[in-house]
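The structure under discussion appears below in the form of structure tokens.
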Amino acid sequence: MKNAFIEIGNFVLSENISLSNISLLENYISAFNFNENNLAPYLVPPADKPYGRNLIYQNDAIEIIIMNWAKNAFCDIHNHGHSFGLVKIIKGVLKNELFDAQFSLQEEAIYREGDHILVPRGIYHRMGNMYALQNAISLHFYMPPIHNMHVIDTENKIICEVSDDCGAWLSEPNKIKVKLNFE
Ligand SMILES: [Fe+2]
């Protein structure tokens, strides 16, 4: 487990704060101001990935990940295992696409700085930075911490279960634990 306590600007989260569901979390974080400046110390470069991924806090109930999106980059279609997600847009414009169980696109929506997205348990989605000229930043809360995420190889029709430290991509074959074909 990582960090018993985290502070970002005036936001404080510790092991002692009980957030038993996503709407309590939604209420809790609405009081805080997250911005590019107070998240800057946590940004990691995307390198060759869609986003730089930084797990900054984790306890048994929740994990917090900061994503620093490359220009014009999309992740792969994935779910969050059995976790709920809440994504707060800190900088830029992000598209969120929702898929059905056959991985066909069902809905898409655009989110801007200050917006947040609730990602229900089990749903397959994909996000990406709409801007070609600048990075985007998003702050992700998952309850409980993500375990056994599925990332979809749509071209080869394979569901890949990845390790818990893997982002929503298939470009790290050593982090793929299980492969299942689908039709
Ligand atoms: Fe996601």
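No lab work stands behind these numbers, since they all come straight from the coordinates. Treat the numbers as computed from the prediction; the structure is a model and nothing was measured. Here Cβ is always computed from backbone atoms with ideal geometry, including for glycine, and neighbour counts include all displayed protein chains.
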What is the distance, in nm, between label points placed 7 Å from the Cα along the Cα-to-Cβ direction at residue 108 and at residue 93? 1.3 nm
Residues residue 31 and residue 176, FRET efficiency given R0 of 35 Å [Cβ-Cβ distance, rounded to 0.05]: 0.35
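Would you work out the charge dipole size for the chain about its Cα centre, treating the Cβ of every Lys and Arg as +1 and the Cβ of every Asp and Glu as -1, and quote it to the nearest 20 debye?
So the magnitude is around 240 debye.
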Within 10 Å of each residue's Cβ, count the other Cβ atoms and sort 15, 183 from fewest upward. 183, 15
Grab the chain and count how many Lys pairs have their alpha-carbon atoms under 24 Å apart, sequence gap of 8 or more, or different chains. 19
So the compactness index of segment 36-183, its C-alpha Rg divided by 2.2 N^0.38 Å, takes the value 0.98
